[in-house]
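Take a look at the following structure, please.
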Amino acid sequence: MPIRLSSDDDVVRLIQLSKEPNAEKKAKEAGYRLVITDVFIAGSGPIGCTYARTILDKNPSAHVLMAEIGSQDHPVMGSHFKNSVKYQKDIDSFVNVIKGALQPVSVPPGDTLQTTLGEAAWAPPIGHALVMQGNNPNQEPGLNLRASAITRTVGGMATHWTCCCPLPHGQERVSNPIPKDEFDGLLKEAGNLLNVHDNQYDHSIRHTKVKEALLQELPKARGVSNLPLGVQRRSDNPEYVTWTGCDTILGQSIENNQTRFKLMTETRVTQLYSSFDPKMVEAVKVRDLNNNDDVLIVAKTFTICCGAIGTPQILWNSNIRPDALGRYLSEQSMAFCQIVLKRSIVESIPGDSRFKERVEHHKKQHPNDPLPIPFNDPEPQVYIPYTSDHPWHVQVHRDAFSYGDVGPKADPRVVVDLRFFGKSKISKENRVTFGPKEQIGDEWKAGNTDIYGMPQPTFEVKRSKEDGERDQRMMKDMTDIANILGAYLPGSNPQFMEPGLALHVTGTTRIGSDPKTSVADPDSRVHNFRNLWVGGNSVIPDATACNPTRTSVAYALKGAGAVNKYLEQFKPE
Ligand SMILES: Cc1cc2nc3c(=O)[nH]c(=O)nc-3n(C[C@H](O)[C@H](O)[C@H](O)COP(=O)(O)OP(=O)(O)OC[C@H]3O[C@@H](n4cnc5c(N)ncnc54)[C@H](O)[C@@H]3O)c2cc1C
């Protein structure tokens, strides 16, 4: 029989017991699982790891316990899967890794309807929907972020992310409550932690040619530049790179502090408890998914970093439901196309003195190759930053997402991806809710939890008229820029992608000074609590177009500083 903590009385008894000597042993004798630590962190993505690293490094006595719902799927904790030679040789095959990593958040009933299924087969009765695996009978399809997804593995989404780490423009941080100079410093520190570089592709022929074509045709004010990436070329074999993952963020901290850091994998963080003092979280209930045991963890501080959906979900499930929880949700629009480089660009390569030697060497080695580009020439990594005249973020590069694999139809060396990210106006009405809606009766109960048994997230998200007009301008800009570079790859014509595909949901536990319109204070500490923090893109209070992780790491560095400060009171004399 699994060990369960089904009643609040059991939890209260265990919290009281935790204050006695040998509490963990006594709890075991009484048939419970109790763990006592200093710092509890939920979620092992880049933000949970930023908290872990900062606390382990700056607080030499603190013990840190991290719980992660996913398993450890790489021998190195949190490493980027794209560091394998296999994916660097064949970037298209990484598309399938990403596809496999993305579990949808909310699938409306209509998406489960099979109109061509033979009548003899079992199907749900008319008016009923399939309610397995995150399918959500309460989801209004028109308000869904259909492509929004969660990655459940040690390292979170940073096991597959593209590592773009631009700095946000002033207009992307207007609601940021942290003084500008301080936040600039935090962004710089975040860049170091994420090992951000913008010069690792400088020697690439394709990168140089694409960038020069854009610099030539676009006004200087567009600021065409190298994309800042969490990446470093390997010194042992410069053909390959090391992409930043959570192992990069953790550095040597885990190795150096093996006795002070513990990771519980395949462990669902279920509920926080505040049984004695409403301003303090005393414990968290987690479930060991391998044997379905509940474990109570008593700690001094609690930080929830479970992504922009998982973080508010845990707060909601813990009855911590401030007005702003799940609201002010912002997700970027995405326009996408792929082009095949113009003949004039490709044909200018052999005569370019900078590349002559490399091209001639390649031609000698591969006389049958009609392209004057070495097979190991790195991909282009160019970007056009957000400006007030063009308020969107542009990536002109070649990389794997859950879509956009080229296949055998074109030589990938001449294919360039254009990804344009548009912001969305902040609105209180754009939100994710959890669990059943009041007006729905028991009949939908089965659809009211997600695949892991947590309250089902439901989206209510619309783009405003202003967003629509901006998106239209962004699409035109994309087609103009595509035409500078080449012709559309058949099948990858300009298109808006499914809402949610950017995977950059922000705002659902936003920070701010006003508890009416935010969930946490500028230190990311949940309003009205002394020892509860939230971290991740959900803390970003702004409409951003650029990729959010560097900004979230910056907020987390400040939050972790506040955790350390709080822990000072427990330091041995
Ligand atoms: C294809 C792709 C490309 C991307 N490219 C970029 C990019 O170029 N630049 C950029 O800035 N961002 C990018 N991102 C997004 C980036 O990966 C995220 O912003 C970042 O990982 C967020 O970090 P996090 O730690 O807050 O959340 P996550 O990485 O999502 O980690 C949260 C962790 O919490 C765990 N969890 C959730 N619920 C529970 C629970 N109840 N109990 C225990 N654990 C739980 C999850 O399993 C997960 O491991 C990309 C993502 C993808 C998938």
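The values are calculated or read from the model by the stated rules, or taken from the named source; none is laboratory data. Everything numeric in this text was worked out from a predicted model, so none of it was measured. Counting neighbours? That spans all protein chains shown, and the Cβs are built from the backbone with ideal geometry, glycine included.
If a residue has to be aliphatic (A, V, I, L, M), free of Cβ contacts under 8 Å to residues at least 24 places away in the same chain and surrounded by 14 or more Cβ atoms within 10 Å (Cβ to Cβ) to count, how many in the stretch 99-122 make the cut? Don't jump to the end; show me each part of the working.
Start the filter on the stretch 99-122 by keeping residues that are aliphatic (A, V, I, L, M), which leaves 101-102, 105, 107, 113, 117, 120-121.
When the remaining residues are screened for being free of Cβ contacts under 8 Å to residues at least 24 places away in the same chain, the result is 113, 117, 120-121.
Right, trim to surrounded by 14 or more Cβ atoms within 10 Å (Cβ to Cβ) and you get none.
Total meeting the criteria: 0.
Condition first: at pLDDT 95 or above and over 23 Å from Met1 (Cβ atoms). Now tell me which residues in the stretch 252-264 satisfy that.
Filtering the stretch 252-264 for residues at pLDDT 95 or above gives 260-264.
Hits for the stretch 252-264 are Arg260, Phe261, Lys262, Leu263.
Would you pick out the residues in the stretch 360-391 that are in contact (Cβ under 8 Å) with a residue 60 or more places away in the chain and among the aliphatic types (A, V, I, L, M)?
Ile373, Val382, Ile384
Could you tell me whether the stretch 168-183 includes any residue that is under 30 Å from Lys99 (Cβ atoms) and touching a His at 6+ places or on another chain (Cβ under 6 Å)? So that I can check it myself, show each step before the final result.
As a first pass, look at the stretch 168-183 and keep what is under 30 Å from Lys99 (Cβ atoms): 168, 172.
Still in the list and also touching a His at 6+ places or on another chain (Cβ under 6 Å): none.
Among the residues of the stretch 168-183, not one is under 30 Å from Lys99 (Cβ atoms) and touching a His at 6+ places or on another chain (Cβ under 6 Å), which makes the answer no.
Condition first: among the aliphatic types (A, V, I, L, M), within 16 Å of the ligand (Cβ to nearest atom) and assigned to a loop (DSSP other than H, G, I, E, B). Now tell me which residues in the stretch 132-170 satisfy that.
Just the residues of the stretch 132-170 that are among the aliphatic types (A, V, I, L, M), to begin with: 132, 143, 145, 147, 149-150, 154, 157-158, 167.
In the following step, the residues that additionally are within 16 Å of the ligand (Cβ to nearest atom) were identified as 145, 147, 149-150, 154, 157-158, 167.
Of everything in the stretch 132-170, those that are among the aliphatic types (A, V, I, L, M), within 16 Å of the ligand (Cβ to nearest atom) and assigned to a loop (DSSP other than H, G, I, E, B) turn out to be Leu145, Ala147, Val154, Leu167.
Test each condition in (1) more than 11 Å from the ligand (Cβ to nearest atom); (2) within 27 Å of Ser106 (Cα to Cα); (3) of a type in the set (S, T, N, Q) for Asn547 and report the one that comes out false.
Asn547 satisfies all of (1) more than 11 Å from the ligand (Cβ to nearest atom); (2) within 27 Å of Ser106 (Cα to Cα); (3) of a type in the set (S, T, N, Q) except (1).
Any idea which of Asp277, Asp236 is of a type outside the set (A, V, I, L, M, F, W, C), closer than 29 Å to Thr509 by Cα and surrounded by fewer than 20 Cβ atoms within 10 Å (Cβ to Cβ)? If you could, list the steps in order and put the result at the bottom.
On the way: Asp236 fails: closer than 29 Å to Thr509 by Cα.
That would be Asp277, the only listed residue that is of a type outside the set (A, V, I, L, M, F, W, C), closer than 29 Å to Thr509 by Cα and surrounded by fewer than 20 Cβ atoms within 10 Å (Cβ to Cβ).
Tell me which residues, restricted to the stretch 518-554, are within 24 Å of Leu167 (Cβ to Cβ) and aliphatic (A, V, I, L, M).
The answer is Ala520, Val534, Val539, Ile540, Ala543, Ala545, Val553, Ala554.
From Lys565, Lys516, grab the single residue that is among the basic types (Lys, Arg), surrounded by fewer than 24 Cβ atoms within 10 Å (Cβ to Cβ) and assigned to a loop (DSSP other than H, G, I, E, B). Step through it out loud before you land on a result.
On the way: Lys565 fails: assigned to a loop (DSSP other than H, G, I, E, B).
Every option except Lys516 fails the conditions.
Filter the stretch 395-412 down to residues that are among the aliphatic types (A, V, I, L, M) and closer than 20 Å to Lys209 by Cα and give me whichever is modelled with the lowest pLDDT. Walk me through it before giving the result.
Pass one, the stretch 395-412, residues among the aliphatic types (A, V, I, L, M): 396, 400, 406, 410.
Subset that is closer than 20 Å to Lys209 by Cα: 396, 410.
Working: Val396: 98, Ala410: 88.
Here the residue is Ala410.
Residue-by-condition table, conditions (1) touching a helix residue (DSSP H, G or I) at 6+ places or on another chain (Cβ under 9 Å); (2) crowded, with 16+ Cβ neighbours inside 10 Å:
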| site | (1), (2) |
| --- | --- |
| Cys165 | yes, yes |
| Asn192 | no, no |
| Asn226 | yes, yes |
| Leu229 | no, yes |
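For the stretch 398-430, enumerate the residues that are more than 20 Å from the chain's Cα centre (by Cα), closer than 15 Å to Ile481 by Cα and within 16 Å of the ligand (Cβ to nearest atom).
So the first thing to find is which residues in the stretch 398-430 are more than 20 Å from the chain's Cα centre (by Cα), and the list is 405-418, 425, 427-429.
Going one step further and asking which of them are closer than 15 Å to Ile481 by Cα, we end up with 415-418.
Matches in the stretch 398-430: Asp417, Leu418.
Report yes if Arg470 is modelled with pLDDT of 90 or more, touching a strand residue (DSSP E or B) at 6+ places or on another chain (Cβ under 7 Å) and not in a helix (DSSP H, G or I), otherwise no. Working first, answer last.
Values: modelled with pLDDT of 90 or more: yes; touching a strand residue (DSSP E or B) at 6+ places or on another chain (Cβ under 7 Å): yes; not in a helix (DSSP H, G or I): no.
Here the answer is no, as Arg470 does not meet what is asked.
Provide a single number: the residues in the stretch 352-368 that are within 39 Å of the chain's Cα centre (by Cα) and either among the acidic types (Asp, Glu) or in a loop (DSSP other than H, G, I, E, B) (or both).
Residues meeting the conditions: 2.
Continuing with this model, one more query. Report yes if Gly561 is at pLDDT 95 or above and touching a strand residue (DSSP E or B) at 6+ places or on another chain (Cβ under 8 Å), otherwise no. Let's see the steps before the verdict.
Working: at pLDDT 95 or above: yes; touching a strand residue (DSSP E or B) at 6+ places or on another chain (Cβ under 8 Å): no.
It is false that Gly561 is at pLDDT 95 or above and touching a strand residue (DSSP E or B) at 6+ places or on another chain (Cβ under 8 Å).
Mind counting the residues in the stretch 498-544 that are more than 13 Å from the ligand (Cβ to nearest atom) and more than 30 Å from Val95 (Cβ to Cβ)?
Looking only at that region, the number is 24.
I need every pair where a residue in the stretch 525-548 that is closer than 16 Å to Trp316 by Cα and part of a helix (DSSP H, G or I) has its Cβ under 6 Å from the Cβ of a residue that is hydrophobic (A, V, I, L, M, F, W, C) and near the ligand (Cβ under 10 Å from one of its atoms), sequence separation at least 6 or different chains.
Hits for this filter: Ser538/Ala308.
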